[in-house]
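The values are calculated or read from the model by the stated rules, or taken from the named source; none is laboratory data. Keep in mind the model is a prediction, meaning the values are calculated, not measured. Glycine also receives a Cβ, built like all others from the backbone with ideal geometry; neighbour counts cover every protein chain displayed.
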Amino acid sequence: MVAPPVITLLTDFGLKDPYVAEMKGTILSICPEARIVDITHQVEKFNIRMGAYILASSIPHFPKGSIHVAVVDPGVGTERKAIIIKTLRSVLIGPDNGLLALSAMREGVKEVFAIENPRYIAKKLSKTFHGRDIFSRAAAYLAKGVPISDFGPRIDDFIKPEFSLPRYEDGKLMGEIVYIDDFGNAVTNITKKDFEKLGISVGSILSLQIKPKEFKIRLCNTYGEVPKGEKLTLFGSDDFFEISINQGNAAETLNLRVGDKVSVYPLT
């Protein structure tokens, strides 16, 4: 028995307005057998970094072949492209504004297509609601078995903002804070794999710079490895490097913000 297709939704629409329901209704009208899963609709308005991080953290836990629709789209109705990215395990659909890049780079990109075929776009296309009229429809038609190449031309590139990939320069890992969780942990775009490539292991003492601040700080396995109120770093449950305080709020205490640049290198 073939499992029904999984389509996930991530937006900054909130839950008060009818927008999420309209997206779901559109999907089900085209592909009634779809299983729709809400990742979140509480992304901070227009916060592409936040949406990109939540998407990248969530999608590895869905079945291979799942279709993920993400809409944080301050440029809706402008010349920015609507795209479909096929990765090694998923399909990502959304605006070409960097929202999909972190997920795509982590999963590995196979091919990218622009959504331009009018057959799969709403005849009465809203200039302010591509989530309903383009992205949801593309997801539903893909779930029905329409080939990805039918949606429009293959493109060679898509927007990869600086936060989509950390860098290695002058012996330092360079990245940025992409998310502050409800505990005040500051999550960066640097991953456990990035540390492993450089041979940096848990237990190392790190020099951590978040301009103009610089800290000597330990890389831990768990929050409880340091006394209550002490700073630490570790890899969160989705293997992103984060700055924390045991039973405290690192973002408030250290005045950390999404977008802050981070550099780190081992002292021991």
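Put simply, of Gly259, Gly224 the only residue that is assigned to a helix (DSSP H, G or I) and either touching a helix residue (DSSP H, G or I) at 6+ places or on another chain (Cβ under 8 Å) or over 16 Å from Tyr168 (Cβ atoms) (or both) is Gly224. Of the listed requirements (1) over 17 Å from Ala52 (Cβ atoms); (2) of a type outside the set (D, E, K, R); (3) in contact (Cβ under 8 Å) with a residue 12 or more places away in the chain, Gly199 misses just one: (3). Gly171 meets each of the listed conditions (1) surrounded by fewer than 15 Cβ atoms within 10 Å (Cβ to Cβ); (2) within 18 Å of the chain's Cα centre (by Cα); (3) of a type in the set (Gly, Ala, Ser) apart from (2).
Rundown of residues vs (1) among the charged types (D, E, K, R); (2) in contact (Cβ under 8 Å) with a residue 12 or more places away in the chain; (3) assigned by TED's automatic domain parsing to the domain that holds Ile67; (4) assigned to a loop (DSSP other than H, G, I, E, B), yes/no style:
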| site | (1), (2), (3), (4) |
| --- | --- |
| Met105 | no, yes, yes, no |
| Val112 | no, yes, yes, no |
| Lys127 | yes, yes, yes, yes |
| Phe135 | no, yes, yes, no |
| Ala138 | no, yes, yes, no |
| Lys160 | yes, yes, no, yes |
| Leu173 | no, yes, no, no |
| Val178 | no, yes, no, no |
| Phe183 | no, yes, no, yes |
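Do you know which residues across region 1-14 are touching a residue at least 12 places away in the same chain (Cβ under 8 Å) and either among the β-branched types (Val, Ile, Thr) or surrounded by 12 or more Cβ atoms within 10 Å (Cβ to Cβ) (or both)? Scanning region 1-14 gives Pro4, Pro5, Val6, Ile7, Thr8, Leu9, Leu10, Thr11, Asp12, Phe13, Gly14. Restricting attention to region 7-59, the residues that are more than 18 Å from the chain's Cα centre (by Cα), under 23 Å from Leu142 (Cα atoms) and hydrophobic (A, V, I, L, M, F, W, C) add up to 9. Considering region 207-221, the residues that are in a loop (DSSP other than H, G, I, E, B) and modelled with pLDDT under 95 include one that is farthest from Ala52 (Cα to Cα), namely Pro212. Quick test for you: out of His41, His61, pick the one residue that is exposed (fewer than 15 other Cβ atoms within 10 Å of the Cβ), on the phi < 0 side of the Ramachandran plot and at pLDDT 95 or above. Result: His61 is the single residue among His41, His61 that is exposed (fewer than 15 other Cβ atoms within 10 Å of the Cβ), on the phi < 0 side of the Ramachandran plot and at pLDDT 95 or above.
Checking every residue in region 188-203 against the condition of being at pLDDT 95 or above, among the aromatic types (Phe, Trp, Tyr) and not assigned by TED's automatic domain parsing to the domain that holds Pro60 gives zero matches.
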